[in-house]
1. When the Cα centres of the stretch 200-230 and the stretch 3-61 are compared, how far apart do they sit, in Å?
2. Ratio of Rg to Rh for the stretch 106-199, alpha carbon only, Kirkwood?
3. Gain in length, residue 184 to residue 138, computed as 0.36 nm per residue apart minus the alpha-carbon separation, to one decimal in nm?
4. For the chain, modelled as a GNM with alpha-carbon contacts under 10 angstrom, which of 30, 160, 70 fluctuates the most?
5. Can you send over the carbon and sulfur percentage of the accessible area for the stretch 3-99, probe radius 1.4 Å, protein chains only?
6. For residue 81, put the label point 7 Å out on the Cα→Cβ axis and report which residues of the stretch 21-59 keep their amide N under 15 Å from it.
7. Which of the listed residues, 97, 169, 147, is farthest toward the dipole's positive end in the chain, when Lys, Arg count +1 and Asp, Glu count -1 at the beta-carbon?
8. Against the 2.2 N^0.38 Å scaling, with N counting residues, where does the stretch 127-176 land? I'd like the Cα-based Rg ratio to two decimal places.
Amino acid sequence: MRTLPRYRVKYSKEGPARYSSHLDMVRAFDRSTRRAGLPVAFSEGFNPHPKFSFASPLPVGIGGGDEYMDMELTRAMAPEELAERLGANMQEGYRVIAVKEIPQGSPALMSLVSRAAYRATAPLPLHYAEAELLSAVQNILNLEEIMVTREIKGRRKEIDIRPGLFSLTGSIKEHILEINMELLIGSSGNVRPSEILWEMSRCGGIPLRPEDFRVQRTALYANGPSGPVSLWEV
């Protein structure tokens, strides 16, 4: 079987695109590659589909500033040309940041991703001070466990997500409350930003609900020899 050139695309998903589903996003990339006239490879069978693979689906409503997808082409192209043509044909809310060719046999993106960074912002509550925010963050970090209820295969189950909370910080910038967190994601488990925000409201005392925040995924990481590394560096 002939090997096909494979490319990694770094892109962002913001604005109106944050409210599109993962399937909508796949369709958006399909339309964009067709408009750009790119030689995308397709699967075989009765329902051929473009050979795209994504690092990790974004929940509806969460934007992504540093997202990744791999695509296979039927012929080689200069990464700069691919980035220019694809970027010029993306729909509103999507932006191509960079493209590079990756070696054949490279692991699938979804198998590499191990943690994600998120930024959550909300209007600063009246009379809420940064000292209170820092205390709330420390309260969460001091917890030995954070139990949440998940529905798994039709059954409700209590799980501890504290091991999947790698870092948590908070600050106030020009009347905006900002929380940054790094969480477990991937085949070994998943911690949702909303779960940490809910715990900060319930246990940390922040006078906001998870739905009051605007959340953006700012980075995706793989496990490297000496710690987490950006998927772009893998």
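The values are calculated or read from the model by the stated rules, or taken from the named source; none is laboratory data. Everything numeric here is computed off the predicted structure, so don't read it as measured data. Here the Cβ is made from the backbone with ideal geometry for all residues, glycine too, and neighbour counts use every protein chain on show. Ligands, DNA and RNA are stripped out before the accessible areas are found, and what is left, the full protein with its side chains, is counted by its heavy atoms. Shrake-Rupley method; radii C 1.70, N 1.55, O 1.52, S 1.80 Å.
1. Rounded to whole Å, the Cα centres lie 25 Å apart.
2. Details: Rg = 15.3 Å, Rh = 14.8 Å.
Rg divided by Rh gives 1.04.
3. 14.6 nm
4. Among 30, 160, 70, the largest GNM mean-square fluctuation belongs to 160.
5. Ligands and nucleic acids excluded, carbon and sulfur reach 52 percent.
6. Answer for the stretch 21-59: 36-40.
7. So the residue furthest toward the plus end is 97.
8. Compared with the compact-globule rule of thumb, the stretch 127-176 sits at 1.54.
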